[in-house]
Amino acid sequence: MQIIKSQIKLPRFRLQVAALILCIVPIAYMFGKTESCPEYLPAIVFVFLAVAAEVALFIFPGKKFSGFIALGCVIFLALSLCYFMCGGVLSVVDYIYGIKLFGDSTQFGAIVGYSVVLGLAVISGIVCCFFVKEQAEQIK
């Protein structure tokens, strides 16, 4: 607990919490659409792996391998975003062309909105990677 209390004032901790919240937001939508879109299931798995990596960063903030954990978190978030966008691309195409052929064009707003949220989580995860060495020095 002492380690987490010492991290709360650091900007990296705030970015990690933001990335964690942002990557959890689209999970309910993806769970609801896994039957119609099989790409959402791997996206959910990668989101949970990213959450596990973020929790590991909270537990081991100043270790030598924390930079690799932060990088792994960003990779998992990026893979989740890619699978999510691959799963929703047919619905976006249907919306753009005004047809009902491949996907569900009524889901366009949700797909774009959650893609932006996951993209922001990836960006905040990337920014967190730059703070790894600085945080390790401040904790010690």
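No lab work stands behind these numbers, since they all come straight from the coordinates. Since the model is a prediction, treat every value here as computed from it, not as a measurement. Positions of Cβ are backbone-derived with ideal geometry, glycine not excepted, and every protein chain shown enters the neighbour counts.
Worth pointing out:
- Computed over the chain, the per-residue total of -39500 (n - 2.57) for DSSP H runs of n ≥ 4 gives a 222 nm mean residue ellipticity of -25500 deg cm²/dmol, rounded to 500.
- Given charges at Cβ of Lys, Arg, Asp, Glu: the stretch 2-139 dipole, positive-most of Gly87, Val51, Leu118: Val51
- Theoretical gain in end-to-end length, Ile75 to Phe58 [0.36 nm per residue, Cα-Cα removed]: 4.4 nm
- Estimated from the Cβ-Cβ distance and a Förster radius of 30 angstrom, the FRET efficiency linking Phe65 and Thr106 is about 0.10.
- Relative pair counts by distance (%), Cα atoms of the chain, 10 Å bins: 13, 40, 25, 15, 6, 1
- Efficiency of FRET between Tyr97 and Phe130 - r from beta-carbon atoms, R0 41 angstrom, step 0.05: 0.50
- At full extension, Cys86 and Ser36 could sit 16.7 nm farther apart than now, given 0.36 nm per residue minus the alpha carbon distance.
- Other residues whose C-beta falls under 15 angstrom from the C-beta of Gly87 contribute a net charge of -3, scoring Lys and Arg +1 and Asp and Glu -1.
- Each label point was placed 7 Å from the Cα along the Cα-to-Cβ direction; for Val116 and Val25 their separation is 0.9 nm.
- Neighbour count of at most 15 Cβ within 10 Å plus DSSP loop: longest chymotrypsin sites (Phe, Trp or Tyr not before Pro)-free window in the chain: 1-64
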